[in-house]
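Beneath this line is the structure, given in structure tokens, with notes to follow.
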Ligand code: 5AD
Ligand code: SF4
């Protein structure tokens, strides 16, 4: 009888893609996916440590598996991702959550089948964490979450050491794949029905082919030539590294989607400096101006942290004014959370929780108001939508994305059949803060 697995994924798209790779490995071993983690023979928890509450949630869920392990001793529980890259977490698991069978990290996911094999044949627990693996794993066979769009790593790790961020410690030094390897993977994906790729990296703008020295703009130009590929997206960009050459791709490469995620983190120069971001507000605004000049219909999203140590009311108001000046299509907002081992966690001028929350609420109010204003401009117009599948929120409707990454739920006559993977024209009839509604226009 075949064995079953479930993967619980926290955090960013890097983790999501690692989970796709782990699912591919398990299915190659004959495991079958089950929806219910408590019914599975094997569970992997792919963890995130960017914020403290992710931490707390993780230990909570880990605790819930204790009972299961008692009833079904053969059940295998694995922990991977960013949390075990921190030695204190591994110690904590060993001490207080001894029912975990396999622990591995972000640097050695390709080793998972071997660890699993060892655990099954010897019955012994397997712990394998490496700090920095210089090897880029190629030829993994992910089980993709979506049929028509795929996540593709172009860089791994991060060398930026923003003072609040744990990622450089959990994902290690930055390394780029080669243009050839990325292109080869994408050609295979396209042959398998993929229409849209999302190029992933903590800082895609610092991509540099280790052999040829080609940069991110060269990679985009190369991928733009892949026949059958319809859309290219990427995330995340870093304002200190984005180049004019890259920005020019928005007009020279027809497959490049008119959308960018450009985290600003804060609108105050003083705070940006303490965050070690290597740009100031003026530089950031000049990039926004260039992007809009080159690509007038570009949609822009961002990440913002409120309550960074030492942030004054004036600093925060600078963030509010920047948000209103840029008019983001959407933004991910975060309350600063000290991460052990990062410089900012040691700063003495931490902001009280109630002030952080009060600022957070004010920021979210502005962002949501602007998002809705932006979305209202779509009403009555018709857009190309690449259909991802049935809508998650609206029974019977379809869901897809515009070129600018706007989520569109829409209705279409049933006789049109399955629309997944097709690009259709949709007339927008209603705008909400986080999505658009429409009807098929053809
Ligand atoms: N506290 C709050 N937000 C953080 N981020 C990263 N580290 C922290 C932290 N310690 C946010 C940043 C980053 C996003 C992925 O997570 O905004 O861009
Ligand atoms: Fe973290 Fe900064 Fe690297 Fe982004 S660029 S992953 S925020 S250190």
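So here's what we get for this one:
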read-out: Condition met for residue 433 (out of contact with any strand residue (DSSP E or B) (no Cβ under 8 Å at 6 or more places or on another chain), closer than 23 Å to residue 292 by Cβ and modelled with pLDDT of 95 or more); value: yes
read-out: Region 249-278, residues that are over 23 Å from the mean Cα position of the chain (by Cα), within 23 Å of residue 234 (Cβ to Cβ) and either surrounded by 15 or more Cβ atoms within 10 Å (Cβ to Cβ) or within 14 Å of ligand 2 (Cβ to nearest atom) (or both); value: 253
read-out: Within region 13-49, considering residues that are in a loop (DSSP other than H, G, I, E, B) and touching a helix residue (DSSP H, G or I) at 6+ places or on another chain (Cβ under 9 Å), the one nearest to residue 166 (Cα to Cα); value: 49
read-out: Residue in region 172-186 that is under 21 Å from residue 47 (Cα atoms), within 16 Å of ligand 1 (Cβ to nearest atom) and touching a residue at least 60 places away in the same chain (Cβ under 8 Å) present; value: no
read-out: Options 286, 371; residue that is at pLDDT 95 or above, under 30 Å from residue 413 (Cα atoms) and either within 26 Å of the chain's Cα centre (by Cα) or not in a helix (DSSP H, G or I) (or both); value: 371
read-out: Selection status of residue 219, over 16 Å from residue 203 (Cβ atoms), modelled with pLDDT of 95 or more and more than 16 Å from ligand 2 (Cβ to nearest atom); value: no
read-out: Test result for residue 199, surrounded by 18 or more Cβ atoms within 10 Å (Cβ to Cβ), within 18 Å of the chain's Cα centre (by Cα) and within 28 Å of residue 424 (Cα to Cα); value: yes
read-out: Lone qualifier among 210, 142 - being over 20 Å from residue 20 (Cβ atoms), touching a residue at least 12 places away in the same chain (Cβ under 8 Å), more than 14 Å from ligand 1 (Cβ to nearest atom) and touching a strand residue (DSSP E or B) at 6+ places or on another chain (Cβ under 9 Å); value: 210
read-out: Selection within region 300-330 - within 12 Å of ligand 1 (Cβ to nearest atom) and over 16 Å from residue 268 (Cβ atoms); value: 301
read-out: Matching residues, region 331-344, being near ligand 1 (Cβ under 9 Å from one of its atoms) and not in a loop (DSSP other than H, G, I, E, B); value: 332, 333, 334, 335, 344
read-out: Single residue of 265, 202 found to be in contact with a strand residue (DSSP E or B) (Cβ under 9 Å, 6 or more places away or on another chain), more than 30 Å from residue 144 (Cα to Cα) and modelled with pLDDT of 95 or more; value: 265
read-out: Long-range neighbours under 9 Å by Cβ, at least six apart or interchain, first residue closer than 17 Å to residue 376 by Cβ and modelled with pLDDT of 95 or more within region 317-333, second within 16 Å of ligand 2 (Cβ to nearest atom) and part of a loop (DSSP other than H, G, I, E, B); value: 328/264
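The values are calculated or read from the model by the stated rules, or taken from the named source; none is laboratory data. From a predicted model like this one, the values you see are computed outputs, not experimental measurements. Neighbour counts are summed over all protein chains in view; Cβ atoms, including those assigned to glycine, are modelled from backbone coordinates with ideal geometry.
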